[in-house]
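The values are calculated or read from the model by the stated rules, or taken from the named source; none is laboratory data. If you're wondering where the values come from, they're calculated on a predicted model, not measured in any experiment. Cβ placement follows ideal geometry from the backbone for every residue including glycine, while neighbour counts extend to all protein chains displayed. These area figures cover heavy atoms from the full protein model, side chains too; ligands, DNA and RNA do not enter into them. Shrake-Rupley method; radii C 1.70, N 1.55, O 1.52, S 1.80 Å.
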There are 2 protein chains.
Amino acid sequence: MKKVGVAILGLGVVGSGTYKILIEHREFYKKNHGVDINVESVLELKTERALALGIEENKIAANIAEICSNPEVDIVVEVMGGVEPAKTFVLAALNAGKSVVTSNKELFCKYSHELEKTARKNKCGLFYEASCVGGVPVIRTLIDNLQGNKILSMTGIINGTTNFILTKMSDCGASYSEVLKEAQRLGYAEADPTADVEGFDAAYKLSILSSLSFHTKIPFSKVYREGITDIDIHDINYGKRLGYALKLLAVGKNSDSGIEVRVHPAFIKNSHPLANVNDSYNAVYITGDSVEDVMLYGRGAGALPTGSAIVGDIIYCATHDNFNYSTFNNTEKADPSTKFVTNFESAYYLRLDAKDKAGVLSKVSSVLSKHNISVAEVIQENRKVNGVVPLIIVTHETFEKNVNKAVDEINSVENLAKVASVIRVVS
Amino acid sequence: MKKVGVAILGLGVVGSGTYKILIEHREFYKKNHGVDINVESVLELKTERALALGIEENKIAANIAEICSNPEVDIVVEVMGGVEPAKTFVLAALNAGKSVVTSNKELFCKYSHELEKTARKNKCGLFYEASCVGGVPVIRTLIDNLQGNKILSMTGIINGTTNFILTKMSDCGASYSEVLKEAQRLGYAEADPTADVEGFDAAYKLSILSSLSFHTKIPFSKVYREGITDIDIHDINYGKRLGYALKLLAVGKNSDSGIEVRVHPAFIKNSHPLANVNDSYNAVYITGDSVEDVMLYGRGAGALPTGSAIVGDIIYCATHDNFNYSTFNNTEKADPSTKFVTNFESAYYLRLDAKDKAGVLSKVSSVLSKHNISVAEVIQENRKVNGVVPLIIVTHETFEKNVNKAVDEINSVENLAKVASVIRVVS
């Protein structure tokens, strides 16, 4: 039977989960996949983590060089996160002829070109299913299943922390800061939640997924990004009245106008399958020119779901002799011919604080109309709330620049209304 | 650039869709997958179908032998359906050294052992993503993504025709026979709808999917099968009042008790993601011991969605040098050690026609209790409907045999109630 040795770099949540899966399923993989996968080595500064998992001391490597020179190691699993020292370690492993499986979205997003070049040069495998959306099989689906399609769009809920926070805000009517504290207490959010709540994590994933979908490198710098820290519970509540759920969406589109990639909070109709993706569940909704609509749903994070994606890559690597790489020209920058859309087309939700009710709707509508924005729905409260009369307007599809101009003009009119919130609406 | 020649056997809905995708995307595949895929030959008795697609006459083969001896053909796409002559043609192609891509669920369900043996012998590829659930990427996900998991269960809505019929019955309150006629008119159901409405189509697919999930051949004969032809609109309506949607479910489970595989109508809670899979959409909900829950959703049929799955397999075949086969011991029969569960555990919905209201609930409950069945929910109508008083009971989880005995006993008591419907409830 083929023997395959694995080294795991980092025994945090995902690394420990991966280790446990490999140990518990060793006989299962021998029986069903014809391969004996053994963890030969781990690299983890906090030695106690390794010992707590029952790993023998002689398997704890002192440094990456020891793993690179270990002839028993065929596959290096990098689950450290962050760019350095992960990048140096992955390049060292590839240059030593080891295949690499990684869950590192930031590293793969920023340096896929360099990693892949090194993997090709050394004829090694490079696998990264776990870098995007945990146990949800989105990368393999894009590469080996929908690859006959021109992908027209993808819309994803691809960050578990923010989806947990927004779901809880919606369910309990609590404020962002209250729910963030609860999420931190439960381990759904980190002590410094910036990477999640400001949309960086989702933007790294969208960069990777849209590069695969649109067959050109979509650099992180091209992803528009807006987080959820300013979300007001009042808007979630008005959204509910209008039949919408608020989600942090990652949107990628490829049309005649060009490619657009953006991460931002958005309202989505309750009838859309994504609206029912709650708590820490994630999903990606993909539209291709042949397959029509496909949605992939599951756990976007966690020790075992992400470990499942890593182990899937390990077994694939262990049972295939030749490797294919990304289905795009994996350069550092986008293909020079690629046009990026920045003036997004979308419907919009606006919440205005009006001084008084009389005449406001008519004046606001007239400003919107001047900027070619037509109104789809209105909620006008009958009474003052906190000293102002809330006026909610949902527009038809329009361009972002028009909305920005209209908002500036409304805000500049004395004694009319101040625009308190502007949230995109995705149909 | 690598050139790959394709022959298509059968130009029905899926064959024509596949042809169109290949023609329209030829440059796209050259650019993005580095392979020039050309349709070299087609086999179709109705020559006018080929001509209508613009296929030149010299590409229309007279018989399978012509395709097998054509050195330009590398991959044979079988989209004829049915066992013969598809089986003879596929075996001939494999024996001629051609790789095969098929959408034929009946053929693959019944003869996968023979096809795979022939493919291995000839070192050819054998791909069948399109055999199950159209454009939904479930086979590749099981083989190359969740393969590190012990799959505990899968629950699927994997037949588009029946889901269209049940959704329409539920939306319009119309009877089975009325909606079937509409489905036939719209092309969602065939003139002879047996394969779909009696659950054969779903059972073929469940046999294939559960063989891959549970790593042993699950023969068609082991799949319990019940269709939707007896579904009464009254039950759908009572189900709605109880918060359930009625679906034709394909259920596969692997537990300490053994493997169970069954296709039957079932109520499913509205909060379950599968309950919102409507019309001709399909979905498979898979639970693995590491990945937890994953749902794959999309178009389960249709020219282009199924064509997308076929073309995905063609490109995979064209861009990989060595092929892996099924992840199970692909024999004709199940592994002799496999235990099959037949006394299913489930909650149940019962509709009883009572002669009169007085005392019926108490007497029926006592019969149920005698058979270790506990009641979870009851609807008792206050008045007679069509001369009887309907009594609806939802039980907690119990065993099928207990329910059958209780139903027999209730029916045998004079002047009590007749059990009009028994429907499983899946949580």
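Put the Cα centre of the stretch B:313-335 next to the Cα centre of the stretch B:219-266 and the gap is 30 Å. The mean number of Cβ atoms from other chains found within 10 Å of a Cβ in peptide B:284-291 is 6, as a whole number.
Averaged over the residues of peptide B:135-143, the number of Cβ atoms from other protein chains lying within 10 Å of each residue's Cβ is 6.
Using Cα springs under 10 Å in a Gaussian network model of chain B, which residue among B:Asn32, B:Asn70, B:Asn402 shows the largest mean-square fluctuation? Among B:Asn32, B:Asn70, B:Asn402, the largest mean-square fluctuation in the Gaussian network model of chain B belongs to B:Asn32. Charging the Cβ of each Asp and Glu at -1 and of each Lys and Arg at +1, and nothing else, the dipole of the protein assembly as shown about its Cα centre rounds to 540 debye. Across all C-alpha atoms in the stretch B:64-113, the radius of gyration and Dmax reach 10.3, 30 Å. Counts of other chain beta carbons within 10 angstrom of each beta carbon in peptide B:149-161 average 1.
The DSSP beta bridges internal to the protein assembly as shown are antiparallel in roughly 70% of cases.
Dipole orientation for the protein assembly as shown: of the candidates A:Leu45, B:Cys317, B:Val263, B:Val263 has the Cα lying most toward the positive pole (charges on Cβ; Lys, Arg +1; Asp, Glu -1). What share of Cα pairs, in percent, lie more than 21 angstrom apart in the stretch A:280-365? It works out to 71 percent of all Cα pairs. In terms of Cα atoms, the Rg and Dmax of the stretch B:311-427 work out to 23.1, 73 Å. With viscosity 1.306 mPa s and temperature 10 °C, the Kirkwood radius over alpha carbon pairs of the stretch B:139-295 converts through Stokes-Einstein to a diffusion coefficient of 99 µm²/s. The P(r) of the stretch A:23-73 has a tail past 17 Å containing 45 percent of all C-alpha pairs. Projecting the Cα atoms of A:Pro336, B:Gly97, A:Gln380 onto the charge dipole of the protein assembly as shown (Cβ charges, centred on the Cα centre) puts A:Gln380 farthest toward the positive pole.
Once divided by 2.2 N^0.38 Å, the Cα radius of gyration of the stretch B:187-255 becomes 1.32.
Angle, helix B:86-95 long axis vs. longest principal axis of chain B, Cα atoms, 0 to 90°, nearest 10? Around 40 degrees separate the two axes.
GNM remark for chain A: springs join alpha carbons under 10 Å apart, and the peak mean-square fluctuation among A:Ala354, A:Ala52, A:Ala119 falls on A:Ala52.
With the dipole of the protein assembly as shown worked out from charges on the C-beta (+1 for Lys and Arg, -1 for Asp and Glu) around the Cα centre, which of B:Val389, B:Gly239, A:His396 lies farthest toward the positive end? Farthest towards the positive end: B:Val389.
In summary, the aspartates and glutamates within cross-link reach of A:Lys333, defined as a Cα separation below 18 angstrom excluding same-chain residues under 8 places away, comprise A:Glu106, A:Glu114, A:Glu116, A:Glu260. Using a probe of 1.4 Å, the accessible surface attributed to B:Cys68 totals some 30 Å² when neighbouring protein chains are kept in position. Note down the relative contact order for the stretch A:146-253 as a percent, whole number, built from C-alpha pairs under 8 angstrom at least six residues apart. RCO, the stretch A:146-253: 41 percent. Rounded to the nearest 20 debye, the dipole size of the stretch B:121-179 about its Cα centre is 400 debye, using +1 on the Cβ of Lys and Arg and -1 on the Cβ of Asp and Glu.
Taking max minus min of the alpha-carbon positions on each principal axis, the stretch A:93-144 gives extents of 30, 22, 15 Å, largest first.
The modelled label-to-label distance between B:Glu84 and B:Ser177, using points 7 Å beyond Cα along the C-beta direction, is 3.6 nm. Report, in degrees rounded to the nearest 10, the 0 to 90 angle that the Cα long axis of helix A:400-412 makes with the longest principal axis of chain A. It works out to around 40 degrees. Calculate log10 I(q)/I(0) of the stretch A:22-177 for q = 0.15 Å⁻¹, where I(q) comes from the Debye formula with a single equal point scatterer on each Cα and nothing for solvent. Taken in order of the listed q values, log10 I(q)/I(0) reads -1.00.
Residues B:Asp408, B:Asp230, ordered by accessible area of protein heavy atoms at a 1.4 angstrom probe radius and largest first, appear as B:Asp230, B:Asp408. With 10 Å bins beginning at zero, the pair-distance distribution over Cα atoms of chain A amounts to 4, 21, 28, 23, 13, 7, 4, 1, 0 %. Using Cβ point charges alone (K and R +1, D and E -1), the dipole size of the stretch B:193-352 about the Cα centre works out to roughly 280 debye. Rounded to the nearest 10 degrees, the angle from helix B:13-24 to the longest Cα principal axis of chain B is 40 degrees.
When the alpha-carbon atoms of the stretch B:148-240 are used, the pair Rg, Dmax equals 15.2, 46 angstrom.
Measuring nothing but how far apart in sequence close Cα pairs (under 8 Å, 6+ apart) lie, relative to its length, the stretch A:195-251 scores a relative contact order of 37 percent. Per the Debye formula on identical point scatterers at the alpha carbon atoms of the protein assembly as shown, with no solvent, log10 I(q)/I(0) at q = 0.06, 0.08, 0.11 Å⁻¹ is -0.44, -0.78, -1.36. Working ranking of peptides A:420-426, A:175-181, B:89-95 by packing, defined as the average number of other Cβ atoms within 10 Å per residue, highest first, is B:89-95, A:420-426, A:175-181. The listed peptides B:255-263, A:361-369, ordered by packing as a protection proxy, come out as B:255-263, A:361-369 (highest mean of other Cβ atoms within 10 Å first). Between the stretch B:100-163 and the stretch A:367-402, the C-alpha centres lie 51 angstrom from each other. In sequence order, the stretch B:158-163 has phi-based couplings of 10, 9, x, 4, 5, 5 Hz under the Karplus curve 6.51 cos²θ - 1.76 cosθ + 1.60, θ = phi - 60°, and Gly or Pro positions carry x. Using C-alpha pairs below 8 Å separated by at least 6 residues, the relative contact order for chain A is 16 percent.
For the listed peptides B:412-418, B:213-219, a ranking on the average number of other beta carbons within 10 Å per residue, highest first, reads B:213-219, B:412-418. Considering only B:Val294, B:Val197, B:Val77, the Gaussian network model of chain B with Cα springs below 10 Å gives its largest mean-square fluctuation to B:Val294.
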